[in-house]
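Working notes for the structure below.
The values are calculated or read from the model by the stated rules, or taken from the named source; none is laboratory data. Here the structure is a predicted model, which is why all the values come from computation and not from measurement. Cβ placement follows ideal geometry from the backbone for every residue including glycine, while neighbour counts extend to all protein chains displayed.
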Amino acid sequence: MDYFDHYFKIVKNLENAANSNSPLGVGGNYKYVFLDLDDTIWDFHANAKSSLREIYELRQLNHYFDSFDQYFSIYAKRNLELWDLYGKGEITKEYLSLERFSHPLAKVGVQDADLALKIGKEYLEMLPTRTALVPYAKELLEYLAPKYPLTIVSNGFVEVQYRKLKSCQIEHYFSHVVLSEEAKALKPDKRIFEYALQLNNASAAETIMIGDSYEADIIGARNAGIDQVWFNPTVNEIDHNLVSSFIVRQLNEIPEIF
Ligand SMILES: [Mg+2]
């Protein structure tokens, strides 16, 4: 898809919003903004990769793997599958935390639960201290914060999400931080969004959710009757057939919308 298709998509989104049953019309008179944290504001991918690279060297995992890239690609694939299972409630957080590090080792014939545990522990300590933000995230927060109360709505773990906000010094932008463990529901379950609405004393119609995951953020917000901005840096033709109120490839496009 080229730039012009993308531009037309934005126009189409605005038309859809204008023709929708939303009482707010184009651009909406949104009063509350919900944001996903990982890979929407905080560059999870970059931060995870740099943390694991450091641990890879620290633990001399080059004894087992051809390269860090080999290790990382095995890890990343399994990690994604595990988060999917966790999101569906099929595995526990404890299983996810260990399995994502024991799996890459097992793949190269190393059965060492102790090493996997150590890596997992070091990773959880290191990761939240990393400070890479998604491009234009800081600018977006600067733009939104004076205009709307901002609320993080995230499935991430309590003990790491707050530390990420602190490390990046962005916690002051947010009125509320809603995490699945506290809300007792995981996105896309609408109950986590309803919990966030309650905290803000907001209605769904005056709220908009910004997130990178179609499954968790977009379907989830829609389940709760909340408009959505799908942040999708690699938007493609297939994505075009998926429905969201708005779609952007970069966060700096959001001020065009509201
Ligand atoms: Mg995300």
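One residue stands out among those in the range 174-194 that are assigned to a helix (DSSP H, G or I) and buried (at least 20 other Cβ atoms within 10 Å of the Cβ): the one that is nearest to the chain's Cα centre (by Cα), which is SER180.
Within the range 205-216, residues that are over 13 Å from ASP84 (Cα atoms) and in the same structural domain as PHE231 (by TED's automatic domain parsing) reach partners that are near the ligand (Cβ under 10 Å from one of its atoms) and part of a helix (DSSP H, G or I) with beta carbons closer than 9 Å, at six or more positions or on different chains, in the pairs MET209/ASP217; ILE210/ASP217; GLY211/ASP217. Among the conditions (1) in contact with a Leu (Cβ under 6 Å, 6 or more places away or on another chain); (2) under 30 Å from LEU61 (Cα atoms); (3) crowded, with 20+ Cβ neighbours inside 10 Å, the only one that PRO128 does not satisfy is (1). The set of residues from the range 116-152 being within 24 Å of GLU81 (Cβ to Cβ) and in contact with a Lys or Arg (Cβ under 7 Å, 6 or more places away or on another chain) comprises ILE119, PRO128.
When ASP227 is tested against (1) more than 25 Å from LEU85 (Cβ to Cβ); (2) surrounded by fewer than 20 Cβ atoms within 10 Å (Cβ to Cβ); (3) at pLDDT 95 or above, only condition (2) is not met.
Restricting attention to the range 146-173, report how many residues are assigned to a loop (DSSP other than H, G, I, E, B) and of a type in the set (A, V, I, L, M, F, W, C). Walk me through it before giving the result.
Taking the range 146-173 and keeping what is assigned to a loop (DSSP other than H, G, I, E, B), we get 146-149, 155-157, 168-170.
Imposing the further condition that a residue be of a type in the set (A, V, I, L, M, F, W, C) reduces the set to 157, 168, 170.
Qualifying residue count, the range 146-173: 3.
Taking the range 111-157 as the range and being of a type in the set (Val, Ile, Thr), touching a helix residue (DSSP H, G or I) at 6+ places or on another chain (Cβ under 6 Å) and closer than 30 Å to ALA202 by Cα as the test, the residues that pass are THR151, VAL153. Taking strands (runs of 3 or more DSSP E) as the structural unit, those lying wholly within the range 197-258 and holding at least 1 residues that are within 13 Å of the ligand (Cβ to nearest atom) and either among the hydrophobic types (A, V, I, L, M, F, W, C) or in contact with a Gly (Cβ under 7 Å, 6 or more places away or on another chain) (or both) correspond to 207-211, 227-231.
The rows are residues; the columns are (1) within 26 Å of GLN228 (Cα to Cα); (2) assigned by TED's automatic domain parsing to the domain that holds LEU58; (3) under 19 Å from the mean Cα position of the chain (by Cα).
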| residue | (1), (2), (3) |
| --- | --- |
| TYR75 | no, yes, yes |
| LEU85 | yes, yes, yes |
| LYS88 | yes, yes, yes |
| THR92 | no, yes, no |
| TYR95 | no, yes, no |
| GLU125 | no, yes, no |
| LEU140 | yes, no, yes |
| VAL153 | yes, no, yes |
| GLU159 | no, no, yes |
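Looking across the range 142-160, the residues that are within 12 Å of LEU35 (Cβ to Cβ) and touching a strand residue (DSSP E or B) at 6+ places or on another chain (Cβ under 7 Å) come down to LEU144, TYR148, PRO149, LEU150, THR151, ILE152, VAL153, SER154.
Candidates GLU237, GLU182: the one that is modelled with pLDDT under 95 and closer than 24 Å to ILE91 by Cα is GLU182.
All of (1) within 21 Å of LEU186 (Cα to Cα); (2) surrounded by fewer than 17 Cβ atoms within 10 Å (Cβ to Cβ); (3) touching a residue at least 60 places away in the same chain (Cβ under 8 Å) hold for GLY87 with one exception: (2). Of the listed requirements (1) closer than 27 Å to ALA221 by Cβ; (2) in contact (Cβ under 8 Å) with a residue 24 or more places away in the chain, LYS184 misses just one: (2).
Exactly one residue out of GLY211, GLY220 is out of contact with any Lys or Arg (no Cβ under 7 Å at 6 or more places or on another chain) and small (Gly, Ala, Ser), and it is GLY211.
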